[in-house]
Every structure is written in C-alpha cells, then in structure tokens.
Amino acid sequence: MGGWAIAVHGGAGIDPNLPAERQEEAKQLLTRCLNLGIVALRSNISAIDVVELVIRELETDPLFNSGRGSALTEKGTVEMEASIMDGTKRRCGAVSGITTVKNPISLARLVMDKSPHSYLAFSGAEDFARKQGVEIVDNDYFVTDDNVGMLKLAKEANSILFDYRIPPMGCAGAAATDCPLQMNGLPISIYAPETVGCVVVDGEGRCAAGTSTGGLMNKMMGRIGDSPLIGAGTYASEFCGVSCTGEGEAIIRATLARDVSAVMEYKGLNLQEAVDYVIKHRLDEGFAGLIAVSNKGEVVCGFNSNGMFRGCATEDGFMEVAIWE
C-alpha cells in the first residue's frame, strides 16, 4: 500500500476572467475541505466516511454548485442529485430530484446502507429521507440571490447557462444560436457547472468516491446529469475511485468514471495513464475533468477544459490546490 490520498474538485471549465477574489475564495474552501479530510484520514477513518464528510462540507457552503447554492431549474427551484460508492465491494447509492434534503450526499449514503436499492429519485427519495430522519429544509434554503440573477440572464439568453455564475463573453444576452458550444446538438453557453466531488483511498487501500450537484442553470424540470449515475460521474472499485465534472451529457456517453477503472483493470495502465487515456479518447467533443485515487496511494487530476477547481493531498506530505493548468 502507498498510504492514504485524497482529492476534491469544485467543477471543470472556468471563466478566464474569473475575479481574483472569487479564485481565492474557491482555493480557501478547497483547502478547508482537504484539511478536514486529512485530519479524518490521520484518525484512521474509512475512505467512504471521509468522502461523505468532505462533500457535506462542500454542500453546506454556497460557493460551488451543490447543496446550498445549487443551480436553479427553469421554474426557479432546486433539484439536486448525488452519488457515493465504496470500492471495497462496489456498493453504491444515488439520489436525484432532491428538493428538501440539506445534504444529498448523506441521503445517497443512506440509500446504499439502509435500502435494498442503489438509486432513488424525486418523491420516492424524499419519502425515504423523511423515514430515515435526515435534516430537511425548505427549498428556499438552497436558493441564493446570485442564482436568481443568473437564472434571469439564462432566460433572457434563451439558453442553459453551462456556467451559471459568470456570464460568458459574447453569449449571455445573445441569441442561443450565437453560442458555439452544443449539448446533444442544441446550443448552450460556454463553461462547465461547478459540481463538487471527493475521492479517497485510506491507509488500508480502500477506495471511495462521491459527487454532488445542482445541475445546470435553467435546466428542464426532471433533467438528470452524470453526477448520480454510477459509472458516469462517480465510480469506485478495488483499483481506484473517480469523480467527474463538466459536460454531463458527454460524461454519460463516455461512462467516464468507470472507464478509468476499466483501462486499469483490462489494459494494465497505472492511474496517470488511465486518466490521460480517458480524457483524450473518451470525451469526443465534450469538455470535462475528473479526480482519481488508486489503491496504491496515487492521486491524479485530469481535464480538457481551460481549468478545474481542484485540490489533492497524500500521506507523504504532498498537498496542492489549483485552478488552472
């Protein structure tokens, strides 16, 4: 075993004109979450518990697009989704259409641990949450003034805003057909949503992964992205743990997270080689990024966008928080 390792992300695809203060806020949050995970790993807490702990912290802070601060649907409400996976026995849990659960990642964990299923959605997931006694809040808790303003901008542009916080130059306020990027053949604005994720390998070589998001600003009601889909946005096995972010539809088509583990298993690639391979060969024209750890204590971040909010640390003292390449 190579010791424990941890990585976190806050989304791939970033406005190159992102204000310096916003960059610093993101780095501070990622650093805080990394340190939270490091303390837990030093206390011999299991990988799956650390993943849940760190993502709960990310969901509680409104900076990124998960939990409080989630992107708004076309009707101005929040529909969140999350998934978590324990690589030891490939157990998993996922939820979609969450509107009142304060921490969707913990509900996904309960689906894994306390239900006979792997995935619950919408009213069924909400009913399960109440039976499990999780913390419930009004949907308004998740809605921020910034997001209300960005939804208005998206509707004026007649488009989904792929980064709902920073208006892309030349697209916001313009006709959707003026925007060069497409999703499933339909025009959208540029830059990826700020989904959050965490991957961990603990001191015993157990890998785990989790991902949580509010999805796309101005998305259709009922839209489900890659984040709750096991094998697409999240995957963990005896080889590695992976969490993805970026253009959800491209990640779904590529089954991106599972592919990292598959090429390690079937092609004998190491973690860095596996991440490089899937980013280069599996995304077609999509833009995305991922974080990954291996059972050997390796940690890798990869993306084909212009940047990704990310941080990682290992037992030997290495720690890095970065945004750009």
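The values are calculated or read from the model by the stated rules, or taken from the named source; none is laboratory data. Here the structure is a predicted model, which is why all the values come from computation and not from measurement. Reconstructed Cβ throughout: ideal geometry from the backbone, glycine too, with neighbour counts over all protein chains shown. These accessible areas exclude ligands, DNA and RNA; they are computed on the full protein's heavy atoms, side chains included. Shrake-Rupley method; radii C 1.70, N 1.55, O 1.52, S 1.80 Å.
Some notes on this structure:
- Unmet criterion (only one of (1) among the hydroxyl-bearing types (Ser, Thr, Tyr); (2) under 16 Å from the mean Cα position of the chain (by Cα); (3) farther than 23 Å from residue 22 by Cβ) for residue 66: (3)
- Qualifying residue in the range 269-279 (condition: surrounded by 20 or more Cβ atoms within 10 Å (Cβ to Cβ), under 24 Å from residue 119 (Cβ atoms) and under 19 Å from the mean Cα position of the chain (by Cα)): yes
- Within the range 19-46, the set of residues being part of a helix (DSSP H, G or I), closer than 30 Å to residue 89 by Cβ and out of contact with any helix residue (DSSP H, G or I) (no Cβ under 7 Å at 6 or more places or on another chain) comprises 30, 34, 35, 38, 39, 42.
- The range 21-51 - residue that is among the β-branched types (Val, Ile, Thr) and open to solvent by less than 50 Å² (accessible area, probe 1.4 Å) and, of those, nearest to the chain's Cα centre (by Cα): 51
Results for (1) under 17 Å from residue 235 (Cα atoms); (2) touching a residue at least 24 places away in the same chain (Cβ under 8 Å); (3) of a type in the set (Ser, Thr, Tyr), shown as yes or no for each residue.
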position	(1), (2), (3)
74	no, yes, no
82	yes, yes, no
90	yes, yes, no
93	yes, yes, no
96	yes, yes, yes
99	no, yes, yes
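- Being aliphatic (A, V, I, L, M) and surrounded by 14 or more Cβ atoms within 10 Å (Cβ to Cβ) is a description that does not apply to residue 148.
- When the range 1-18 is filtered for residues that are open to solvent by less than 50 Å² (accessible area, probe 1.4 Å), under 22 Å from residue 146 (Cβ atoms) and assigned to a loop (DSSP other than H, G, I, E, B), the ones remaining, listed by number, are 13, 14, 15, 18.
- Among the residues of the range 58-65, at least one is surrounded by 20 or more Cβ atoms within 10 Å (Cβ to Cβ), at pLDDT 95 or above and closer than 22 Å to residue 133 by Cβ.
- Among the residues of the range 110-128, those identified as open to solvent by 40 Å² or more (accessible area, probe 1.4 Å) and charged (D, E, K, R) are 113, 114, 127.
- Top-ranked residue in the range 286-314 [being polar (S, T, N, Q) and within 16 Å of residue 324 (Cβ to Cβ); ranked as surrounded by the most Cβ atoms within 10 Å (Cβ to Cβ)]: 305
- Residue in the range 239-255 that is among the basic types (Lys, Arg), surrounded by fewer than 23 Cβ atoms within 10 Å (Cβ to Cβ), within 24 Å of residue 48 (Cα to Cα) and out of contact with any helix residue (DSSP H, G or I) (no Cβ under 7 Å at 6 or more places or on another chain) present: no
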